[in-house]
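The values are calculated or read from the model by the stated rules, or taken from the named source; none is laboratory data. Given the structure is predicted, the values throughout are model-derived calculations rather than measurements. Neighbour counts are summed over all protein chains in view; Cβ atoms, including those assigned to glycine, are modelled from backbone coordinates with ideal geometry. Keep in mind that these areas ignore ligands, DNA and RNA; they rest on the heavy atoms of the full protein, side chains included. Shrake-Rupley method; radii C 1.70, N 1.55, O 1.52, S 1.80 Å.
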Amino acid sequence: MLIVVADPNVVPHRERFEAIVPAGADIRWRIGGVPNADLRDAEVFVGSRFDAEMARTAEKLRLIHVAGAGTDKIDFGSLPPDVLVANTFHHGRSIAEYVVASAVMLRRGFLAQDRSLRDNVWASPVYDSAIAQPPLFGDAHIGFVGFGHIGLRSWNLLRTFGCTAAAVTGSGQVSGDTGLRWTGDTSDLNRLLRECDVAVVSAPLNSHTEGMIGASQLEELGPEGVLINVGRGPLVQEQALYDALANGVIKGAAIDVWYHYPTDGGRGAPSDLPFAQLSNVLMTPHTSGVTSDTFTGRVDEVAANISRLQRGEPLRNLVTP
C-alpha cells in the first residue's frame, strides 16, 4: 500500500503515524508538493486539498483522508465513485479552551485594558470613575449558534464558572441532558442573541448558514455583547461585523476564522476591511484548535482508518458530497 502524506500538521507526529499504519506500507512524505508518479500509484492520500487534476492523475486511489474536519477543498465531483473520503475532528477540547479564554478576556475588558496600559493609561474603575466595574464572568449567559462537539465541550467548561446558556441548531435539537436553559432552531437566532452576553458561533458553513449573522442580529447582541467565531468566517457578514465593532454596536469579538486565507508562506490579510485597526478585537489565525492534543488524536484516527481499509473493514467518519 502506497500512502502519500501531504499535510504538514501530521509531520510532528510522523513516528506515531508510521507505527500505527499497516506494517510494510510505503509512506511518502510530500509536504512541499506531490510528484505525479507518487500520486498515480497512491492508494491513500492524506491531505486537505485534492483537485480535479490530481483526481485525473491518481489511478489507484482508494481513500482521501483529511487530517481535520473541513473537506471544502476536496473536489468531490471529480472523484470516481469508489474513492472514499474521510475526515477527523478531535479539536473540541482545544477550541473550548480558546472559547473560555477569549470570553473571559473580552467580557472582563482585559483586552482593552492591555492596549490602554501599553499607552500608560490605567483603564480601571479605580482610576477612572467613568469606567463601570465589570460583572463577574460567571454571571454571563452564553448563546451557542450551533451545538455540536465544539459547543458541548465549550459549555462543559463554561458551566463550571456558573454561566447559563441556550443554543440554536439547524434541527432545533441537541442530544442528551445538556443543562441548557432552552434550545431552538435558527428561527430563534434573534432571541438567542438578544438574551445572551456571549455568542459562540460554531455552526457549519453551508448555503443555509452563510451570512446568518448580519447587522440586525449584531444589534440584538448589543453594546455589552461579545461574539466569538470559531466556526467559519462567512457565518457572520463581514461588513456588518466590522461596522458593529467600529461603532460600538457590540462590545468586542474574538475572530479565529476569516474571510481570506493565505495561499503560500503564511502571509496575507484576513479581510479586505481594517479589523486590525480596531481595539476591541482579538484576532487569531485559525489556531483555536491547533494543539498537539488535537493532532495526536487526528493522527491516531487517520492511521487507524487506513488500517481498517487494508483489512476491508468499514471506515469511520466517511464524508459524502
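When restricted to residues that are within 15 Å of Arg49 (Cβ to Cβ) and part of a strand (DSSP E or B), segment 62-85 contains 4. Counting residues in segment 45-67 that are open to solvent by 50 Å² or more (accessible area, probe 1.4 Å), without any contact (Cβ under 8 Å) to a residue 40 or more places away in the chain and over 21 Å from Pro321 (Cβ atoms) gives one or more.
In a helix (DSSP H, G or I) and surrounded by fewer than 17 Cβ atoms within 10 Å (Cβ to Cβ), is that true of Leu111? Spelling it out, it is not the case that Leu111 is in a helix (DSSP H, G or I) and surrounded by fewer than 17 Cβ atoms within 10 Å (Cβ to Cβ).
Just checking, does segment 114-123 include any residue being surrounded by 19 or more Cβ atoms within 10 Å (Cβ to Cβ) and outside any helix (DSSP H, G or I)? Checked against the condition, which is being surrounded by 19 or more Cβ atoms within 10 Å (Cβ to Cβ) and outside any helix (DSSP H, G or I), segment 114-123 yields no hits at all.
Looking only at segment 45-87, residues that are modelled with pLDDT of 95 or more and polar (S, T, N, Q) come to 3 in all.
Checking each residue in segment 91-101 for being touching an Asp or Glu at 6+ places or on another chain (Cβ under 7 Å) and either free of Cβ contacts under 8 Å to residues at least 40 places away in the same chain or open to solvent by 20 Å² or more (accessible area, probe 1.4 Å) (or both) picks out Arg93, Tyr98. Kindly check whether there is at least one residue in segment 129-150 that is farther than 21 Å from Ser288 by Cα and part of a strand (DSSP E or B). Within segment 129-150, one or more residues are farther than 21 Å from Ser288 by Cα and part of a strand (DSSP E or B). Answer yes or no: is there a residue in segment 139-152 that is surrounded by fewer than 19 Cβ atoms within 10 Å (Cβ to Cβ) and either in contact with a strand residue (DSSP E or B) (Cβ under 8 Å, 6 or more places away or on another chain) or not assigned by the TED database to the domain that holds Ile250 (or both). Looking through segment 139-152, at least one residue is surrounded by fewer than 19 Cβ atoms within 10 Å (Cβ to Cβ) and either in contact with a strand residue (DSSP E or B) (Cβ under 8 Å, 6 or more places away or on another chain) or not assigned by the TED database to the domain that holds Ile250 (or both).
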